[in-house]
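Worksheet: the structure to be examined is printed underneath.
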Amino acid sequence: MLLSVPLFLIIISTSVTAIDWSDINLHQSHVPLYLQSHADLKTECSVDPECPFKDSLESSSCFGYEESCEDNELYKSANCPDLSKWAKSADDQKRTFWNTGDFGIVSEKRKNMEVLCSSSLEDGSYMECEAEARYCHGTNIVLDLEKVTPSKPYDTEFIKTGQIGGRCKVNKKVIKGWNRDHRNFLQSWYQVVEHFTELPEEADDQCDVVFSKPVYILQNDAVVNMFHHFCDFVNLYVTQHLNSTTFSLDNHIIAWQTNGGGFSDPFGAMWKVFTKHPVTAIGSYVGKKVCFKDVVFALPPRQRLGLFYNMPLIDGCYGTSLFRAFNEHVMHRLAIQQAGPLRDKVRITILSRQSQYRNILNEQEVGVSILTRSYVSILTRSYVSIRLRVVYLY
């Protein structure tokens, strides 16, 4: 006698969040350092057959600011062949160079972080700042620009009390402890964060604009000048290290330009190193209440005794790993391939201003004259109409 037995097919569905390894868009020499400082990712890579960074798992190299980083594991180390008269010893000289012109800057700034505002609420706000408010990082922060009017480009009085804050208890002693000598635009965020206020619970229920992804707010130096503008880019790169960032391109950047209108930049290609979204100006949010889930007020370009600008370096040393890493990071993100160096050839690129002032009057003559030397290759480029274009190709 045959029995009919019903069959039941039970399907158990599990949801697995896979890591998109392509998001780790870093120079190949930076990948092991990045994994070393993100232990969870390193572990995941070791068990994920799709992880393309298996070759980096055995490395213990580090940038140098990580707590577990030993001197013999440093990514790069500076050279100090000549003893400085300002140093007590060779070790003191190298340490001074490391803390003022290398990744030691990150360690020094992390030591000076203070909590400005905190909350016991699960969805409350949090704000911490480095000494003199040169760098701040906050979560669930509100910037109320409803009653603000567009002003001059870099208005230090743009924000008033009550227009920036969060649902947290403010420690006023932190603000009182800041040195007011640093209360200048391009030196700190003092003139903004000093107005930080404890807001009522319903404050972020009435937002006109909500940034759910991380936001970097910057103070820009002169964007028309390559040296001054790279003060911005170098300090933003250091800010990302300071913020323990994933170096993701999926974030927003807001320039602290308080006049109305959008944001334009003759060096606009450089922003592709830091974000895949358009850069906006704070002035474009005037009349709105803006809420940030995660916001960073980046290191300003002209800090006192800062980085790149106003950077006093002890003599006798060279080879900062920070600037080498910045160079490699930029070249990688912009996918720039170096054709060379060329054997027995010196390559010269002239940046032509083509503006109303400070042009090289005999620019074309200079180019032709240089060409009389067979060992020289010369190219002239100009930043015109917010786009780099070739002017002369000799």
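Coordinate-derived values only; no laboratory data. What you see is a predicted model; the values in this text were computed from it and never measured. In this analysis, Cβ positions are derived from the backbone assuming ideal geometry, glycine residues included, and neighbour counts consider all displayed protein chains.
Here the Gaussian network model covers the chain, with springs between Cα atoms less than 10 Å apart; of N140, N220, N72, N72 fluctuates the most.
Annotation for segment 91-122 versus segment 161-238: alpha-carbon center distance of 18 Å. With the highest mean first, a sort of the peptides 58-68, 19-29 on other beta-carbon atoms found within 10 angstrom per residue produces 58-68, 19-29. Compared with the direct C-alpha span, the chain from H27 to L379 gains 124.0 nm at full extension, assuming 0.36 nm per residue. Build a GNM of the chain with springs between Cα atoms under 10 Å: which of L342, L299, L143 gets the top mean-square fluctuation? Maximum among the listed residues: L342.
For segment 26-173, the Kirkwood hydrodynamic radius from C-alpha pairs, put into Stokes-Einstein at 4 °C and a viscosity of 1.567 mPa s, yields a diffusion coefficient of 66 µm² per second. Between F297, T280, V210, whose Cα lies farthest towards the positive end of the dipole of segment 107-297 when Lys and Arg beta carbons carry +1 and Asp and Glu beta carbons carry -1, centred on the Cα centre? Of F297, T280, V210, it is F297.
Between S77 and D55, the modelled labels are 2.5 nm apart [label points 7 Å from Cα along Cα→Cβ]. Dipole of the chain computed with +1 at Lys/Arg Cβ and -1 at Asp/Glu Cβ about the Cα centre; of Q354, S118, V234, farthest Cα towards the positive end is Q354. Above 31 Å lies some portion of the pair distances; for segment 107-297, what is it as a whole percent of all C-alpha pairs? Pairs farther apart than 31 Å: 10 percent. Just so you know, the Cα atoms of the chain work out to an Rg and Dmax of 25.2, 107 Å. Loop-located chymotrypsin sites (Phe, Trp or Tyr not before Pro) in segment 132-183 (DSSP state not H, G, I, E or B) with no more than 16 neighbouring Cβ atoms inside 10 Å: Y154. Restricting to bridges with both residues inside the chain, how much of the DSSP beta-bridge set is antiparallel, in percent to the nearest 5? So the antiparallel bridges in the chain amount to around 55 percent.
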